[in-house]
Amino acid sequence: MDTVLPDSSPAHSAPIQPVSFAEAFRFWLKLGFISFGGPAGQIAIMHTELVERRRWISEKRFLHALNYCMLLPGPEAQQLATYIGWLMHRTWGGIVAGALFVLPSLFILIALSWIYMAYGNVPAVAGIFYGIKPAVTALVLHAAHRIGTRALKNWWMWGIAGAAFVAIFAFDTPFPAIVIGAALIGHLGARRAPGVFALGGGHGGANQGYGPALIDDDTPTPAHARFTRGRLAKVLAAGLGLWALAVGVLVATQGWQSALAQMGWFFTKAALLTFGGAYAVLPYVYQGAVEHYHWLNGTQMIDGLALGETTPGPLIMVVAFVGFVGGWLQQVAGPGALFIGGALAATVVTFFTFLPSFVFILAGGPLIEATHGKLGFTAPLSAVTAAVVGVILNLALFFAYHVLWPQGFGGRFDALSALIAVAAAVALFRFKVGVMPLLGACAAVGLLATLVPGLR
């Protein structure tokens, strides 16, 4: 398997060793288990690991790929991992990076969904979730700060971020409209004030004090990442072929009106509507899964969202819970195999939800690689990044509201959750505590508070 070699420029005083496919595999597997905090937290983790610590990719190339992923329907953090994996180790590198970002979450959610359906309320699990939710709020806020300090480099960018926050917070503006508006501002602004929207020059890693990167700003695009019509046609044909094969197998074995076939069709449509992350598509999933198909009820949907928020992987993985509960209740594998039916449905739903993301990256990646360094393309994406800072801040406030006032503003204020959130924020901002130690400590506090009477 080919690896990307570091640029041999004399300016690079500390060349980075090539990364083998096995080493990358181990990292993507680790990332799948530690990718808490929703897209903002996951992107922050990848930035810390890949840009700052390992220096596999420069910050400019990282943000360039991220901006493209933010324009796509689907989970941008998973797509970013797929993009970087593909850039480093070709098609299989992208497939492995993207799949390992999802699979740990799928297995964990299947296990938790089984506990949920088989045993009902589990105090220990509820306690762990109670402690993790405030930590997730702090992680999202920290991610907004990290990305903002890099993206908001002038008052124009601050203005775009502020406008995006007001638009989504006060007017409930759809995320796609915010993205389109920011991109339009960047496109027009680049013509009148190109310096405002330029990403900057020089070596990305060195320029930020991280040192030279394996894939640096001026590292040539590898041969496999260059655009050809033939490669584009092959990727599109493979993606459509896999989708048609999966649908064909479900229809042939279950029938078109079966729960599994309908799940495949419904979540294919949902995957193409997930602009702006999971929260943007949740109303659509709720309408379809709860009100139309009756795969689960409203209370179960809310519980599934709590599971999705507190497990690694994309938040849209809540669809795996929806699939599991639907497969269990619909008895898709028979009344004597409820777990198998639930696990099968969760796997089917996950496949149809994420297949388009792989196609978008493997098909569109070469086009995006041809544009890095070109202001006409990067200016709109720089503006989109600034807007997303405002959207992430709104997400942090959304989490804080639901964590601190679980029954709404009319209910009681959860002082212990507030204390956990403040402590987690201090640990992140002041002491630079890692994600896993932070989540582990908060989970332990939540478990203790739940199991010991009088602490909550």
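The values are calculated or read from the model by the stated rules, or taken from the named source; none is laboratory data. Only a predicted model underlies this, so the values are computations on that prediction, with no experimental measurement involved. For neighbour counting, all protein chains shown are included, and Cβ atoms are generated from backbone atoms with ideal geometry for every residue, glycine included. Side chains are part of the model used for accessible areas, which takes the heavy atoms of the whole protein and leaves out ligands, DNA and RNA. Shrake-Rupley method; radii C 1.70, N 1.55, O 1.52, S 1.80 Å.
Which of the peptides 45-55, 60-70 is most tightly packed, and how do the rest follow, judged by the mean count of other Cβ atoms within 10 Å per residue? Could you put the intermediate results ahead of the total?
Numbers: 45-55: 18.6, 60-70: 24.7.
The most tightly packed comes first, giving 60-70, 45-55.
With a 1.4 Å probe and all protein chains left in place, how much of the accessible area of the chain comes from carbon and sulfur atoms, in whole percent?
On the way: 13330 of 19470 Å².
Exposed carbon and sulfur together represent 68 percent of the surface.
Shape verdict for the stretch 97-143, please, from the Cα gyration tensor: rounded (a/c under 1.5), prolate (a/b greater than b/c) or oblate.
Details: a/c = 4.36, a/b = 1.14, b/c = 3.82.
Judged from the Cα gyration tensor, the stretch 97-143 comes out oblate (a/c at least 1.5, b/c at or above a/b).
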- Message: Quick check: pseudo-label points 7 Å beyond the Cα along Cα→Cβ at residue 398 and residue 436, how many nm apart are they?
- Response: 2.9 nm
- Item | Student exercise, the chain dipole from Lys, Arg, Asp, Glu Cβ charges, in Debye to nearest 20 | 540 debye
- Note on the structure: So residue 448 and residue 115, fully extended at 0.36 nm per residue minus their Cα-Cα distance, gain in nm 117.9 nm
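Quote the FRET efficiency, to the nearest 0.05, computed for residue 107 versus residue 192 with a Förster distance R0 of 60 Å and r equal to the Cβ-Cβ distance. If you can, show how the numbers build up before the last one.
Values: r = 51 Å, r/R0 = 0.85.
Computed FRET efficiency for residue 107 and residue 192: 0.70.
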- Query: For the chain, what's the relative contact order in percent, using C-alpha pairs closer than 8 Å and at least 6 residues apart?
  - Reply: 30 percent
- Query: Where the centre of each part is set by its Cα atoms, how far does the stretch 318-349 sit from the stretch 51-68, in angstrom?
  - Reply: 38 Å
- Message: Could you report the chain's accessible area per residue, 1.4 Å probe, as an integer in Å²?
- Response: 43 Å²
- Residue-wise, which Karplus ³J(HN,Hα) couplings in Hz belong to the stretch 244-255, taking 6.51 cos²θ - 1.76 cosθ + 1.60, θ = phi - 60°, and x for glycine or proline? 5, 5, 5, 4, x, 5, 5, 5, 5, 9, 10, x
- Name the residues whose placed amide hydrogens come within less than 5 Å of the amide hydrogen of residue 16, ignoring near sequence neighbours (fewer than 5 apart) on the same chain. none
- Query: If you count, for each residue, the other Cβ atoms within 10 Å and average over each peptide, how do 244-254, 415-425 line up from highest to lowest?
  - Reply: 415-425, 244-254
- Query: For all pairs of alpha-carbon atoms in the stretch 71-201, what percent lies in each bin of width 10 Å, listed from the first bin to the last filled one?
  - Reply: 10, 23, 31, 26, 9, 3, 0
- Item | Shape call, the stretch 338-456: gyration tensor on alpha carbons, a/c limit 1.5 | oblate
- Give, to the nearest whole percent, the P(r) tail of the stretch 117-168 beyond 13 angstrom, counting all Cα pairs. 71 percent
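Using the Cβ atoms and a cut-off under 10 Å, what net charge is assigned to the surroundings of residue 369, where Lys and Arg are +1 and Asp and Glu are -1? Before the final figure, lay out each step's value.
Details: positive: 61, 226; negative: none.
Local charge sum for residue 369: +2.
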- Item | Fraction in percent of alpha-carbon pairs per bin - 10 Å, the chain | 4, 20, 30, 27, 14, 4, 0
- Quick one: which residues, 5 or more positions from residue 35 or on another chain, have an amide H under 5 Å from its amide H? H modelled 1.01 Å from N in the peptide plane, none for Pro or chain starts. 313
- Inter-label distance for residue 422 and residue 405, nm, one decimal - labels placed 7 Å from Cα along Cα-to-Cβ: 1.9 nm
- Message: Under the rule of at least 5 residues apart or a separate chain, name every residue whose amide H is placed under 5 Å from the amide H of residue 215.
- Response: 57, 58
- Taking the simple approach of a point 7 Å from Cα along Cα-to-Cβ for both residue 53 and residue 254, what is their distance in nm? 3.9 nm
- Task: Starting at the first residue of the stretch 180-195, write each ³J(HN,Hα) from the Karplus equation 6.51 cos²θ - 1.76 cosθ + 1.60 with θ = phi - 60°, in whole Hz, x for Gly and Pro.
- Result: 5, x, 5, 4, 5, 4, x, 5, 6, x, 5, 6, 8, 9, x, x
